[in-house]
Amino acid sequence: MKLNVTQENLHLFLPSKVSRMADIVSETEDISVVAAIKKVYRSETYRRLENENTKFWHLGPVALCQELKMRG
């Protein structure tokens, strides 16, 4: 069975991506996980991640964190 990712079902991928990103941000920036989660959700990177058209959901957490570091 092949499922297509759409704007309507993209939300299913986001919690695990944000969780892993927050772990990485927390470790690399020496901030709490809660602060890291807030940073991710407030970022331009997250806005792109939640938009299916950008295809950012294809990226892994390390690449997403690099994007976060570059663009916020």
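Each value in this text was obtained by applying a stated rule to the coordinates, not by laboratory testing. Just so it is clear, the structure is predicted and the values come from calculations on it, not from any experiment. Here Cβ is always computed from backbone atoms with ideal geometry, including for glycine, and neighbour counts include all displayed protein chains.
If R₀ is 22 angstrom, what is the calculated FRET efficiency for the pair V34 and K55, using the beta carbon separation as r and rounding to 0.05? List each step's numbers first, then the result.
Working: r = 29 Å, r/R0 = 1.31.
For R0 = 22 Å, the calculated efficiency reads 0.15.
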Do the sum for the chain: with -39,500 (n - 2.57) for every DSSP H run of n ≥ 4, divided by all residues, what is the mean residue ellipticity at 222 nm, to the nearest 500 deg cm²/dmol?
-17500 deg cm²/dmol
Answer with a single label: of [x] 29, 21, 20; [y] 41, 21, 17; [z] 32, 20, 19, which was calculated as Cα extents along the principal axes in Å from the structure in view?
[y]
Pairs of alpha-carbon atoms within less than 8 angstrom and 6+ residues apart define the contacts here; what relative contact order does the chain have, in percent?
34 percent
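Please state the charge dipole magnitude for the chain, taken about the Cα centre, from unit charges on C-beta atoms (+1 on K and R, -1 on D and E), reported in debye and rounded to the nearest 20.
Details: 11 positive and 9 negative charges, 33 e Å.
Here the size comes out at about 160 debye.
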What ³J(HN,Hα) values, in whole Hz, does the Karplus curve 6.51 cos²θ - 1.76 cosθ + 1.60 give for the range 58-68 when θ = phi - 60°, with x put for Gly and Pro?
6, 6, x, x, 5, 4, 5, 5, 5, 5, 4
How far apart, in nm, are the 7 Å Cα→Cβ label points at L3 and S19?
1.6 nm
Reachable lysines from K39, Cα under 22 Å, same-chain residues fewer than 8 places away excluded?
K17, K55, K69
